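Read the structure below first, then the notes.
Bear in mind that the values in this text are calculations on the coordinates, not laboratory data. Since the structure is predicted, the reported quantities are computational estimates derived from the model, not experimental observations. Quick reminder, even Gly has a Cβ in these numbers, built from the backbone with ideal geometry, and neighbours come from all protein chains shown.
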Amino acid sequence: MLSVLGLVAILGGPAFAQTSDLVSKRAFRVCADPANLPMSDRSGAGFENRIAELFAAELKLPLEYTWFPMATGFIRKTLQANNCDVVIGYAQGDEMVLNTNHYYTSAYALIVPSGSPLASVSTIGDPALRDKRIGVVAGSPPATQMTRYGLMAKAKAYDLMVDRRYENPAGEMLADLKAGTIDAAILWGPIGGPMVKQDYPEFKLSPLLSETTPPRFFYRITMGVRQGEKVWERKLNSLIRRNQDKIDAILADAGVPLLNDMGTGLLEPKK
């Protein structure tokens, strides 16, 4: 049986170095969805594109993309295949990648017309939502909570795993809200926030911060790298730390609702 010291020596030896050496030294290689606005797209219009550009400039390297739809097989065919070295936005805790330190926290949000009687709603359990038709992404945490409160019978569900080159569930949901087909929409804040800011200024977006029962609605977002690449992870952590104010500015400009680390309130803007 290997001793603990022997195991540590093996993990810290040449095999580990070889894993770290997979990171390109000639370019900042990003794995991204080519049609996933407001996060990323081929034209570079997404907020994750802007963060990638910032990091490439800090590293003094050209920016290169490997494009693949953010669906089944994304990590396997991009990061794990060594076609690229980092996913700019990845939820903390997923075992498929090694997560960097998180660089922002956000939450699912309720979106309604500003003049709606629902504009003051802050929880899915609010009685005001009873008998309302709510748009929600099937299989998402808010859908689970809506089931608990008996709201799914009248809900309109939108697909979770789609190829955004051909389908746009979030766009369809907000168009339905504008048309009055649904009374409210619930979307992941970094998707809904920028879309409301750019295309639907008549809507009000309220992060759902007051839910008291699982599942949680807020998530810390990191960058994802290959498992074992601790040197690369530390380098990205350093870049995140040194450029946090610039990252925050990119996210705020895009309309992403930013929360404190515990997901209990909106992030106070720095003076």
Please work out the Cα center distance from region 95-109 to region 185-263, rounded to the nearest Å. 8
Take the alpha carbon gyration tensor of region 147-212, find the square roots of its eigenvalues, order them as a ≥ b ≥ c, and report rounded if a/c is under 1.5; if not, report prolate when a/b exceeds b/c, else oblate. rounded
Nothing charged except the Cβ atoms of Lys and Arg (+1) and of Asp and Glu (-1): what's the magnitude of the dipole of region 134-271 about its Cα centre? Round to the nearest 20 debye. 560
Would you kindly derive the ³J(HN,Hα) couplings of region 233-249 from the backbone phi angles with the Karplus curve 6.51 cos²θ - 1.76 cosθ + 1.60 (θ = phi - 60°), listing them in order in whole Hz, with x for Gly and Pro? 4, 5, 5, 5, 4, 5, 5, 4, 4, 6, 10, 4, 4, 5, 5, 4, 5
With a Cα-only, solvent-free Debye model of region 80-190, what are the log10 I(q)/I(0) values at q = 0.15, 0.17 Å⁻¹? -0.74, -0.89
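Counting each DSSP H run of 4 or more residues in the chain as -39500 (n - 2.57), what helix-only mean residue ellipticity at 222 nm follows after dividing by all residues, to the nearest 500 deg cm²/dmol? Intermediate values should be presented prior to the final figure.
Values: 9 runs with 86 residues, N = 271.
Theoretical 222 nm ellipticity from helices: -9000 deg cm²/dmol.
Counting pairs of alpha carbon atoms under 8 Å apart in space and at least six apart in sequence, what relative contact order in percent does the chain give?
Numbers: 476 pairs, mean separation 70.5, N = 271.
Once divided by the residue count of the chain, the mean separation gives 26 percent.
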Long-range HN-HN contacts of Tyr104 with modeled amide H, under 5 Å: Ile221
A student asked for the Cα radius of gyration and Dmax of the chain in angstrom ought to give 20.2, 69
Which of Lys154/Lys178; Lys25/Lys235; Lys156/Lys197; Lys77/Lys246 have a Cα-Cα distance over 20 Å? Lys156/Lys197; Lys77/Lys246
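Placing unit charges on C-beta atoms (Lys and Arg positive, Asp and Glu negative, everything else neutral), compute the dipole magnitude of the chain about its Cα centre in debye, rounded to 20.
On the way: 30 positive and 28 negative charges, 73 e Å.
Its charge dipole is roughly 360 debye.
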